[in-house]
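First up is the structure itself, then whatever we jot down about it.
The values are calculated or read from the model by the stated rules, or taken from the named source; none is laboratory data. Please read these numbers as outputs of a predicted model, since none were measured by experiment. Virtual Cβ from ideal backbone geometry, glycine too; neighbours counted across all protein chains shown. For the accessible areas, the whole protein counts, side chains as well, though only heavy atoms, and no ligand, DNA or RNA atoms are used. Shrake-Rupley method; radii C 1.70, N 1.55, O 1.52, S 1.80 Å.
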Amino acid sequence: MTKRSARQALINAPYMLWAGIFIVVPLFIVMYYAFTDSTGAFSFANILALADYAEVFRVSIIFSVIATIITLLIGYPFAYCLTKLPVRAQRMQMMLVMLPMWMNLLIRTYSWMNILEKNGLINTVLSGLGLPTANMIGTPGAVILGMVYNYLPYMILPIYTTMAKIDPSLSEAAEDLGCNAWQKMRRLIVPMSIPGVVSGITMVFVPSISTFYISQKLGGGKILLIGDIIERQIQVSYNYNLGASLSFVLMVLILISMAIMNRFSNGEGEMVV
Amino acid sequence: MRSVRSIFMGLVYMFLYAPIMILVFFSFNAGKSTSVFSGFSLKWYGELFSNGEAMNALGNTLLLAVTSALIATVIGTVAAVGIYNMRSKFLSSTVMSVTNIPMMNPDIVTGVSLMLLFVFVGRLVGAATSLNFVTLLIAHVTFNIPYVILNVLPKLRQTDSRLSEAAQDLGCTPVQAFFKVVLPSIAPGIFAALLMAFTLSLDDFVISYYTNGADFQTLPLMIYSMTKKTVRPDMYALSTLIFVTILILLIVSNILQEKSDKKNRKGIN
């Protein structure tokens, strides 16, 4: 018995140590930096300074919520259409959906910039047709488009996974019992795919609200999100304390929204990937 | 109904692939621009291979991805075995909650929190710079381990625990039983984990951006500093090559999968 528990301890030790030092401690360090000033003395200054960024937080939340809703509106029917295909085609097409995710996010976003910018592809086509051109970079639409584009696969993937798991005999039973297509959708498919939807929403919302690259490129420096402010404080101003307090608030914000999401799915909000 | 579905799906694919098409197209541009096409040429592919900075960054990226994936897979697999064997429900759920933190937290928070840890320790010991290859490697291992645990743990749960007991009845020590019976049955999960960790590390920009030192440049970091100015088509050429490589790998793995499925079906009949 002692030999067993000694072995067990030996097995558990490396990861527990690693997780303790590199996952748990850093969170406390963030709190430490958030509540001290540059000399290391206790201070509320960084937390109070957050009031200046209320507008940034508001914009970030609105943008990421809109982006999440749009990805859901595209991703949900798309996942549903996928399940209607023959199994072989489903596998092939899932591959097609995931393929863009393996390309570097920076370069794909830059490519969108080439499409949307002043002398970009869309404007070249528009002026070629004799139509008025528009500079789309720097508009909220461009930033939201970047979010939707980059994170759409994260919405499709978990929803498709839960939908594909729905037993076909359930659907047949629903038909036998007289459900029409709409009733089947509302009473069977939608309720059974909720865990996938919850997981998809989290997987799109979290990277959207914390992005700084998409807003930097497609926002043209005019649109600032929380991520941009954190990035500037840490990498440009070297104000680690303010950067930490912003990160801390972002983390709390996400924890709260996740808690709300998990209530919707009755505690089934596990990652489904 | 069917044609409506096809049109909708076609539009979504067009949206997903539009920037990739543009990127592939402009990688063959004769000119220097990534938005004005001035003729077909392969010159950027040549430029790419003579671009020392890019080749160096590519080598660094692969080195980092391979080492961090291997370390994370070893630590993560051992951790999964440990969690699987934990008797205390409280302990195992605590460990799993901690494991979820890097997956739930946005990358920027993970990156900043690790960076602050390194800076904090660096200041304590009075080091001139606190960020280098080691800190970058630690960061990558840290964000990879949870995905390894998540891949291996379900495989352990699927493995019949009586197999290991039978091996021990037949004279294996618990350690032998693990290596001869348990490990082979969870091998597919470990392999999937390794692959996932490798690709996550390969593609990571945000966490690397905060935790790397000035002397070690990876491809995503290089691309980032380039996109601050202008990107030359050789980066598009590189992305095209990466795209084609992944496409081929996916097609091959798909064919292999289909073959093994066929074999299994035959086996059942």
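Keeping to region A:229-245, report how many residues are in contact with a helix residue (DSSP H, G or I) (Cβ under 9 Å, 6 or more places away or on another chain) and more than 10 Å from chain B (Cβ to nearest Cβ).
Counting residues in region A:229-245 that are in contact with a helix residue (DSSP H, G or I) (Cβ under 9 Å, 6 or more places away or on another chain) and more than 10 Å from chain B (Cβ to nearest Cβ) gives 6.
Restricting B:Leu238, B:Leu247 to residues that are surrounded by 10 or more Cβ atoms within 10 Å (Cβ to Cβ), touching a residue at least 24 places away in the same chain (Cβ under 8 Å) and touching a helix residue (DSSP H, G or I) at 6+ places or on another chain (Cβ under 8 Å) narrows the list to B:Leu238. Does at least one position in region B:60-80 carry a residue that is within 13 Å of chain A (Cβ to nearest Cβ), out of contact with any His (no Cβ under 7 Å at 6 or more places or on another chain) and closer than 30 Å to B:Gly31 by Cα? Yes - at least one qualifying residue is present in region B:60-80.
Residues in region A:104-141 that are surrounded by 14 or more Cβ atoms within 10 Å (Cβ to Cβ), of a type in the set (Gly, Ala, Ser) and within 14 Å of another protein chain (Cβ to nearest Cβ): 2 in all.
Name the single residue that is farthest from A:Ser111 (Cα to Cα) among those in region A:198-209 being open to solvent by 10 Å² or more (accessible area, probe 1.4 Å) and within 11 Å of chain B (Cβ to nearest Cβ). Top of the filtered list is A:Thr202.
Considering only residues in region B:34-57 that are outside any helix (DSSP H, G or I) and open to solvent by 40 Å² or more (accessible area, probe 1.4 Å), the one that is modelled with the lowest pLDDT turns out to be B:Val36. Considering every residue within region A:85-99, establish whether at least one is at the interface with chain B (Cβ under 10 Å from one of its Cβ atoms), open to solvent by less than 20 Å² (accessible area, probe 1.4 Å) and closer than 24 Å to B:Leu219 by Cα. Yes: one or more hits.
When A:Cys179 is tested against the conditions (1) over 21 Å from A:Gly146 (Cβ atoms); (2) assigned to a helix (DSSP H, G or I); (3) free of Cβ contacts under 8 Å to residues at least 60 places away in the same chain; (4) open to solvent by less than 50 Å² (accessible area, probe 1.4 Å), the lone failure is (2). Give the residue that is least open to solvent (accessible area, probe 1.4 Å), with candidates limited to residues of region A:9-44 that are aromatic (Phe, Trp, Tyr) and more than 10 Å from chain B (Cβ to nearest Cβ). It comes out as A:Phe35. Between B:Pro154, B:Pro188, the distinction of being without any contact (Cβ under 8 Å) to a residue 40 or more places away in the chain, open to solvent by 30 Å² or more (accessible area, probe 1.4 Å) and within 14 Å of chain A (Cβ to nearest Cβ) belongs to B:Pro154 only. The residues listed here are B:Leu91, B:Leu48, B:Leu124; of these, the one that is in contact (Cβ under 8 Å) with a residue 60 or more places away in the chain and either more than 7 Å from chain A (Cβ to nearest Cβ) or among the charged types (D, E, K, R) (or both) is B:Leu48. Inspection of region B:67-78 identifies no residue that is part of a helix (DSSP H, G or I), of a type outside the set (A, V, I, L, M) and without any contact (Cβ under 8 Å) to a residue 40 or more places away in the chain. Cβ-Cβ distances below 6 Å connect the following pairs, each with a first residue in region B:169-185 that is surrounded by 10 or more Cβ atoms within 10 Å (Cβ to Cβ), a second residue that is assigned to a helix (DSSP H, G or I), and a separation of six or more residues or different chains: B:Ala177/B:Ser164; B:Ala177/B:Ala167; B:Ala177/B:Gln168; B:Val181/B:Leu163; B:Val181/B:Ser164; B:Val181/B:Ala167; B:Val182/B:Ser164.
Could you please let me know if A:Met147 is crowded, with 20+ Cβ neighbours inside 10 Å and either more than 28 Å from A:Arg91 (Cβ to Cβ) or small (Gly, Ala, Ser) (or both)?
Judged against the criteria, A:Met147 is not a match.
Residue under question is B:Leu11, and the condition is that it be facing chain A (nearest Cβ under 7 Å), outside any loop (DSSP other than H, G, I, E, B) and either at positive phi or modelled with pLDDT of 85 or more (or both); does it hold? The answer is no for B:Leu11. Output yes when any residue across region A:187-197 is within 16 Å of A:Val65 (Cα to Cα), at pLDDT 90 or above, surrounded by 23 or more Cβ atoms within 10 Å (Cβ to Cβ) and within 13 Å of another protein chain (Cβ to nearest Cβ), and no when none is. No.
Might you check whether a residue that is more than 12 Å from chain A (Cβ to nearest Cβ), farther than 20 Å from B:Pro19 by Cβ and over 18 Å from the mean Cα position of the chain (by Cα) occurs anywhere in region B:191-213? Checked region B:191-213: at least one residue is more than 12 Å from chain A (Cβ to nearest Cβ), farther than 20 Å from B:Pro19 by Cβ and over 18 Å from the mean Cα position of the chain (by Cα).
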